Amino acid sequence: MTVADSWAHRSDNMKCKTCMWYVGKIVKDSSVTLGRCRRRAPTMSGYPVVYPDDWCGDHKLDENKL
């Protein structure tokens, strides 16, 4: 008997690409899509680099990105 995971796909709509703090970055000559998380103030190395499919507990949905 297999028990269904009640948490499966729970974070599908809580990824960086739908967050109001996410700013996409165009990388020339690359198939990799990256972005910056601007939730907190930048550190000495700038804003954290994130992938669009990453997620965190500070996600805030941006209705314009859906």
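The values are calculated or read from the model by the stated rules, or taken from the named source; none is laboratory data. Computed from a prediction, not measured in an experiment: that's the story for all the values here.
Looking only at region 21-66, count every residue that is assigned to a strand (DSSP E or B) and charged (D, E, K, R) and tell me the total. Don't jump to the end; show me each part of the working.
From region 21-66, those assigned to a strand (DSSP E or B) are 22-25, 34-37, 43, 46, 49-50, 55, 61; that's our starting set.
Then drop every residue that is not charged (D, E, K, R), which leaves 25, 36.
Final tally of qualifying residues: 2.
If you take the residues in region 15-40 that are among the small types (G, A, S) and under 17 Å from the mean Cα position of the chain (by Cα), which one is farthest from E63 (Cα to Cα)? Before you say what the answer is, go through the steps one by one.
Filtering region 15-40 down to residues among the small types (G, A, S) leaves 24, 30-31, 35.
Then keep just the ones that are under 17 Å from the mean Cα position of the chain (by Cα); that gives 24, 35.
On the way: G24: 16, G35: 18 Å.
Here the answer is G35.
Kindly provide the set of residues from region 1-25 that are at pLDDT 75 or above and β-branched (V, I, T), ordered by number.
The answer is T18, V23.
In region 29-59, how many residues are modelled with pLDDT under 80 and not β-branched (V, I, T)?
So the first thing to find is which residues in region 29-59 are modelled with pLDDT under 80, and the list is 29-32.
The next check asks that each one be not β-branched (V, I, T); those that pass are 29-31.
So the answer is 3.
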